[in-house]
Amino acid sequence: MTPTQIPSEHAPATVGIVHLGLGAFHRAHQAVYLERNLTRHGGGPWGIASANIRSNRHLVELMRERDQRYHVAEYADSETLTLREITAIRETYYAGPGGEDLEALLTRMSEPDVRIVTLTVTEKGYHLDPADGRLLLDAEPIRHDIASPTQPQTAPGMLVEALARRFTADTAAFTVLCCDNMPDNGKRTRRAVIELAGQRDPALAAWIADAVTFPSSMVDRIVPAMSETDFERLRALDVDDPAAVTCEAFSQWVIEDDFPKGRPDWEHDGVQMVADVAPFESMKLRMLNGSHSLLAYLGVLAGIETVADAICRAEFVGLLHRYMRDEAAPTLNMPKGTDLDAYADSLLARFANDSLHHRLQQIAMDGSQKLPQRWLTGARKQLDAGGEIGCTALGVAAWIRYTAGRDLADAHHPVDDPMAETFAALHAEHDKPESLIAAFLSLDAIFPRALAEDACFRNAVLDAYHTLNGSGVTAALAALDDPTR
Ligand code: CS2
């Protein structure tokens, strides 16, 4: 294969954006859009200073050693690869536990040239109740940030401290752009920041409410964690880059256009700037991410390793077709002209990209934070409208079974979730499916009461659990077609 190579050739940019969450997704998504912007302008004021605030000091060191240059390898399929060199990230910081750069990061965030702060800290990084989006004032890291606001550990805490410094110095506010897979992600971030600021100083909270905008955004690109095989494939093409990222060729970014302090002219770089992101956000969360989570829990239980491996099996393709068509699409209210069938087909084609080694275990992580927006809001709407919920109920049953930490052949898998201890305790306490399912559905941080108490939903989850546990994944999928159920 001969990749198309796109070197970075613009002048060094100055920093206008601070980003929290220097993970693979940020480097393969936002940084690529900014790279395009800087290339069009030959440089400019929208370079990025990017920080890891929880873990991975090593990546920050690697980026610095390489003068913040790295490659993004975009695979359209196994024959078509574009290799981009990226220099849009100008500075990197490590402000996680023991992080020596916290003060430098906060200073950067307080500078007048910084007009936007973007975030990819994952759902759990906001410390919100997954079911209703309230800030968890009792969560240990939030309690820490309330007690020591000038030494924050969380993303909301860092935003509040940086905004407090700007407020005191009479520096204009920045715009906060959340790029995590949450519904109303701008509104949720706003609420978290204002609630936390209110604990510190009501005048600060009032200023933030007035001066800071929090546009919502929908982000989309499949960016699996890098594996040794990915690095080897790149080395075979003479790209020896330990900071490289591999992803699919597809990329989408839809942003609510509310940047009173200015923004890059992103609309010329392939970004959709819109008045209302909500329909796009719901579509992506329920269709793409909802399908991903179905594959993740059922696939891991069946001993399957990657998304592409699952998609090789007709029964999984059938499941996703059915879920998207009968359970996700009917809950969406899209602008005229949106073709949800075509969208569903495009998702299946993307999932089948076997150049990406996208591990189901990676997607299965943090289910407690993901289920509400991916499945449960849709299921509630379906029940209200008398619609289908069979695939969703099977997904919930598979997730509950998954949280036991053993697949159907009794092989162990880690359960990586902020609520993992609670799940382990529930499995230890309940050996009858009836009481286990009832106990899980009563977790009100995840399941809205109206859904948990809906007999149709409870029975569907319990039935699916019985079939899954007793007869396996194939039987549980076949049962979806049984009209007597
Ligand atoms: C995935 C997402 O890990 C997950 O939960 O569903 O990271 C997914 O790959 C992205 O949202 C695609 O844009």
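Observations
- Elements of type strands (runs of 3 or more DSSP E) contained in the stretch 24-112, each with 3 or more residues being of a type outside the set (D, E, K, R) and in contact with a helix residue (DSSP H, G or I) (Cβ under 7 Å, 6 or more places away or on another chain): 47-52, 70-77, 89-94
- Among the candidates PRO141, PRO97, residue that is out of contact with any Phe, Trp or Tyr (no Cβ under 8 Å at 6 or more places or on another chain) and buried (at least 16 other Cβ atoms within 10 Å of the Cβ): PRO141
- Filter result (within 21 Å of the chain's Cα centre (by Cα), open to solvent by 50 Å² or more (accessible area, probe 1.4 Å) and among the charged types (D, E, K, R)) within the stretch 341-358: none
- Qualifying residue in the stretch 163-171 (condition: polar (S, T, N, Q), under 30 Å from LYS284 (Cβ atoms) and at pLDDT 95 or above): no
- Among residues of the stretch 326-374, those that are within 17 Å of PRO224 (Cβ to Cβ), among the charged types (D, E, K, R) and in a helix (DSSP H, G or I), counted: 2
- Out of ALA398, ALA364, ALA393, sole residue that is closer than 21 Å to MET287 by Cα and more than 16 Å from the ligand (Cβ to nearest atom): ALA393
- Comparison of ALA479, ALA409, ALA452 shows that the only residue that is open to solvent by less than 30 Å² (accessible area, probe 1.4 Å), farther than 30 Å from ALA278 by Cβ and among the small types (Gly, Ala, Ser) is ALA479.
- Pairs with Cβ under 8 Å, 6+ apart, first in the stretch 405-431 and without any contact (Cβ under 8 Å) to a residue 40 or more places away in the chain and in the same structural domain as MET365 (by TED's automatic domain parsing), second assigned to a strand (DSSP E or B) and surrounded by 14 or more Cβ atoms within 10 Å (Cβ to Cβ): HIS412/ARG406
- First in the stretch 207-223 and more than 16 Å from the ligand (Cβ to nearest atom), second anywhere and aromatic (Phe, Trp, Tyr), Cβ under 9 Å, 6 or more apart: TRP207/PHE167; ILE208/PHE167; ALA211/PHE167; VAL212/PHE174; THR213/PHE259; PRO215/PHE259
- Meets criteria (crowded, with 20+ Cβ neighbours inside 10 Å and more than 26 Å from the chain's Cα centre (by Cα)) for ALA203: no
- Some residue of the stretch 442-457 being without any contact (Cβ under 8 Å) to a residue 24 or more places away in the chain and charged (D, E, K, R): yes
- So ALA404, is it out of contact with any strand residue (DSSP E or B) (no Cβ under 6 Å at 6 or more places or on another chain) and in a helix (DSSP H, G or I): no
- Scanning the stretch 151-181 for residues that are open to solvent by 10 Å² or more (accessible area, probe 1.4 Å) and either among the hydroxyl-bearing types (Ser, Thr, Tyr) or over 18 Å from SER110 (Cα atoms) (or both) turns up THR168, THR171, ASP180, ASN181.
The values are calculated or read from the model by the stated rules, or taken from the named source; none is laboratory data. Values in this document were obtained by computation on a predicted structure and should not be read as measured data. Methodologically, a virtual Cβ is constructed for each residue, glycine included, from the backbone with ideal geometry; neighbour enumeration extends over all protein chains shown. Accessible surface areas use protein heavy atoms only, side chains included; no ligands, DNA or RNA. Shrake-Rupley method; radii C 1.70, N 1.55, O 1.52, S 1.80 Å.
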